[in-house]
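Comments concern the structure below.
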Amino acid sequence: MVDKNGSTIGYVARNLLLCLFVFTTILFALSCYFVLRSTAHNRFLSSTFPPKSFTDDVNVKGVKRDKEDCRCNKDKKAMAPLKVYMYDMDPEFHFGLLDWKPQGKNSVWPDIQKYIPPYPGGLNLQHSIEYWLTLDLLASEYPNAPRAIAAKRVHNSSEADVIFVPFFSSLSYNRYSKVNPHQKTSRNKDLQGKLVTFLTAQEEWKRSGGRDHVVLAHHPNSMLDARNKLFPAMFILSDFGRYPPTVANVEKDIIAPYKHVIKAYENDTSGFDSREILLYFQGAIYRKDGGFVRQELFYLMQDEKDVHFSFGSVRNGGINKASQGMHNSKFCLNIAGDTPSSNRLFDAIASHCVPVIISDDIELPFEDVIDYSEFSLFVRTSDALKENFLVNLIRGISKEEWTRMWKKLKEVEKFYEFHFPSKVDDAVQMIWQAIARKVPGVKMRIHKSRRYSGFVSETGKESRWSLIPRSFW
């Protein structure tokens with residue numbers, strides 16, 4: 001009887017638990033259904049008609065407008081000319097070296113709208129960048145000039161990106177580096193001493209330590225006495241061959257092209273088959289320093305029938321002969337001489353003669369924006385001096401490959417042409433653009449130099465911070 005009653009009670013309890021489980025399950029399912037139903041409508045509307053509030057629309061348009069404004073500002077900034085402050089230095093530093101006489105007591109510059117002092121020809125021209133850049137700055141002041149400019153002269157140095165030093169240093173070396181019998185020192189050396197005294201006394205130099213100054217020293221022997229005293233400045237050079245890296249280096253300085261001296265090949269309709277000379281070199285063969293390779297190559301290649309390798313100079317129509325020879329050659333050698341660079345590279349470009357560059361330490365103009373491998377061949381000195389290596393390499397260049405490089409030469413030659421007035425992307429404007437690309441680095445170095453510098457209070461007394469030795473920091 002007890003067992004029977006116990007089993008009855010257990011049966012009832014199990015049924016109650018089952019009913020309770022079923023009830024709670026149904027209740028849970030209904031809850032989920034109503035919750036999902038209440039959100040499904042909104043989710044459908046959201047996917048079909050995205051919510052679009054006025055403020056969201058303004059924000060989106062504002063972002064787009066900001067991006068467009070930013071892009072426009074960048075474009076305008078990229079197109080804006082470099083702002084250059086040029087010292088009004090005594091004519092003895094610039095056009096006075098060309099025998100120009102100032103007109104009037106306060107006259108410093110020639111009126112280039114009426115008369116431009118001529119620059120001497122011949123080999124003097126190859127290092128004449130100082131002349132072209134100065135003329136370009138003077139011309140930038142004339143209103144409504146019918147040309148695009150890459151640099152604009154400003155008369156407030158605090159507004160300038162760089163400070164330009166108009167010393168014709170290459171001309172000074174070429175004309176006045178010899179000591180005359182009645183002189184103790186050369187005029188070139190005297191001018192360098194005056195230049196250092198003048199610059200280091202200027203507030204602009206003191207303000208930046210000279211870091212934002214542009215100093216022209218394109219001839220490898222120019223500024224020999226002043227370079228070690230003006231090294232914080234940005235030098236415009238032909239190469240770094242005669243400079244220690246503490247004085248000049250690719251980080252702060254600029255390599256500018258030579259002005260070619262041979263005739264440009266205008267209306268060039270030549271081709272691979274019509275250029276009869278395979279490889280051309282004419283110039284000084286016996287050179288010092290790295291130029292020993294010229295002599296070695298001469299001995300290696302003197303018996304090659306389609307190779308022209310001979311001594312030459314500007315005398316006796318040498319420039320005309322070189323022009324004809326390079327215009328008639330497929331490849332032109334550019335070999336290191338006393339320094340890593342030479343004008344032959346730019347003569348070759350002007351001749352549309354594919355340059356063969358044998359100079360391990362050469363630095364090239366505008367190489368941050370120009371890929372020279374598209375129109376030049378580079379050969380290591382150690383390889384070039386191997387018997388038959390150079391000739392076999394050049395003979396292995398196909399007609400199609402040569403034609404591709406020849407066409408590229410015709411495209412890039414404008415970057416190496418000097419004009420007055422300057423033209424868009426000619427050598428003058430390319431140099432200004434190269435300077436402009438250095439400006440952010442210049443500003444960073446100037447700012448870093450001021451980290452621990454002292455300052456003067458309103459009373460004129462030096463701050464106590466400036467009295468703390470820099471080693472403390």
Considering each of D136, D161 in turn, give the residue that is within 29 Å of P440 (Cβ to Cβ), touching a helix residue (DSSP H, G or I) at 6+ places or on another chain (Cβ under 6 Å), touching a residue at least 60 places away in the same chain (Cβ under 8 Å) and open to solvent by 20 Å² or more (accessible area, probe 1.4 Å).
-> D161
Pick out the one residue from V369, V379, V391 that is out of contact with any Gly (no Cβ under 6 Å at 6 or more places or on another chain), of a type in the set (A, V, I, L, M, F, W, C) and open to solvent by 80 Å² or more (accessible area, probe 1.4 Å).
-> V369
For P421: the one exception among (1) open to solvent by 60 Å² or more (accessible area, probe 1.4 Å); (2) modelled with pLDDT of 95 or more | (2)
Hey, among the residues in the range 228-244 that are open to solvent by less than 10 Å² (accessible area, probe 1.4 Å) and of a type outside the set (S, T, N, Q), which one's farthest from the chain's Cα centre (by Cα)?
-> L230
Identify the single condition in (1) closer than 19 Å to S128 by Cβ; (2) over 19 Å from the mean Cα position of the chain (by Cα); (3) surrounded by 22 or more Cβ atoms within 10 Å (Cβ to Cβ) that K263 does not satisfy, given that it satisfies every other one.
-> (3)
Residue identified as open to solvent by less than 60 Å² (accessible area, probe 1.4 Å), touching a helix residue (DSSP H, G or I) at 6+ places or on another chain (Cβ under 9 Å) and farther than 27 Å from N343 by Cα among R153, R207 = R153
Of the residues in the range 184-213, those that are under 20 Å from D161 (Cα atoms) and part of a loop (DSSP other than H, G, I, E, B) come to Q202, G209, G210, R211, D212
V247 of a type in the set (A, V, I, L, M), surrounded by fewer than 21 Cβ atoms within 10 Å (Cβ to Cβ) and in contact with a Phe, Trp or Tyr (Cβ under 7 Å, 6 or more places away or on another chain) = yes
Report the residue count in the range 200-224 for those that are touching a strand residue (DSSP E or B) at 6+ places or on another chain (Cβ under 9 Å), under 22 Å from I129 (Cβ atoms) and of a type in the set (S, T, N, Q).
-> 1
Return only the number of the condition from (1) part of a helix (DSSP H, G or I); (2) open to solvent by 10 Å² or more (accessible area, probe 1.4 Å) that L171 does not satisfy.
-> (2)
Name the single residue, out of those in the range 266-291 being of a type in the set (D, E) and surrounded by 12 or more Cβ atoms within 10 Å (Cβ to Cβ), that is modelled with the highest pLDDT.
-> D268
Return a yes/no flag: does the range 263-278 have any residue that is β-branched (V, I, T), out of contact with any strand residue (DSSP E or B) (no Cβ under 8 Å at 6 or more places or on another chain) and either touching a residue at least 40 places away in the same chain (Cβ under 8 Å) or on the phi < 0 side of the Ramachandran plot (or both).
-> yes
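The values are calculated or read from the model by the stated rules, or taken from the named source; none is laboratory data. Values in this document were obtained by computation on a predicted structure and should not be read as measured data. Using ideal geometry, Cβ is built from the backbone for each residue, glycine included, and neighbour counts are taken over all protein chains shown. Accessible surface areas use protein heavy atoms only, side chains included; no ligands, DNA or RNA. Shrake-Rupley method; radii C 1.70, N 1.55, O 1.52, S 1.80 Å.
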